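**Q** Let me begin by handing over the structure; questions about it come next.
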Amino acid sequence: MVLAQIDFIDSSGLGALVQLVKKAQTVGGSLQVVTNPRVTQTVKLVRLEKFLSLQPSVEVAIENLNK
């Protein structure tokens with residue numbers, strides 16, 4: 001999921017991301033979330049950066065999928 005163009009995310013947006021990750025996990029998948037520094041800062045404030053698998057770019061996300 002690419003959120004690099006998003007300038008703001010609130011609790012509703014974070015909740016939606018958490019639900020997407022949980023749904024992906026129930027079917028054996030994963031979700032890589034590409035963000036910008038502003039969104040990353042918000043996610044880190046609520047300590048969800050590892051759970052949401054934040055990535056700085058699409059290229060890095062693809063590399064991590066191939067590991």
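**Q** Can you run down the residue pairs with Cβ atoms below 8 Å, 6 or more apart or on separate chains, where the first is in the stretch 45-59 and without any contact (Cβ under 8 Å) to a residue 60 or more places away in the chain and the partner is of a type in the set (Ser, Thr, Tyr) and surrounded by fewer than 13 Cβ atoms within 10 Å (Cβ to Cβ)?
**A** As it stands, the answer is 53/30, since those pairs meet every condition given.
**Q** Pairs needed: first member in the stretch 1-30, surrounded by 14 or more Cβ atoms within 10 Å (Cβ to Cβ); second member anywhere, at pLDDT 90 or above and part of a helix (DSSP H, G or I); C-beta distance under 6 Å; at least 6 residues apart or different chains.
**A** 3/39; 9/39; 9/42
**Q** Considering only the stretch 14-25, I want to know if a residue exists there that is in a loop (DSSP other than H, G, I, E, B) and over 9 Å from the mean Cα position of the chain (by Cα).
**A** If we filter the stretch 14-25 for residues that are in a loop (DSSP other than H, G, I, E, B), which is where we start, we get none.
No, that holds for no residue.
**Q** Another question, then. Anything in the stretch 26-36 that is closer than 24 Å to residue 8 by Cβ and assigned to a helix (DSSP H, G or I)? List them, or say none. If you could, list the steps in order and put the result at the bottom.
**A** Taking the stretch 26-36 as the starting set, the residues that turn out to be closer than 24 Å to residue 8 by Cβ are 31-36.
Hits for the stretch 26-36: nothing passes.
**Q** For the stretch 37-67, enumerate the residues that are surrounded by 15 or more Cβ atoms within 10 Å (Cβ to Cβ), part of a loop (DSSP other than H, G, I, E, B) and not hydrophobic (A, V, I, L, M, F, W, C).
**A** Those that are surrounded by 15 or more Cβ atoms within 10 Å (Cβ to Cβ), part of a loop (DSSP other than H, G, I, E, B) and not hydrophobic (A, V, I, L, M, F, W, C): 49, 53.
The values are calculated or read from the model by the stated rules, or taken from the named source; none is laboratory data. All of these numbers come straight from a predicted model, not from anything done at the bench. So basically every Cβ, Gly included, is an ideal-geometry build from the backbone, and we count neighbours across all protein chains shown.
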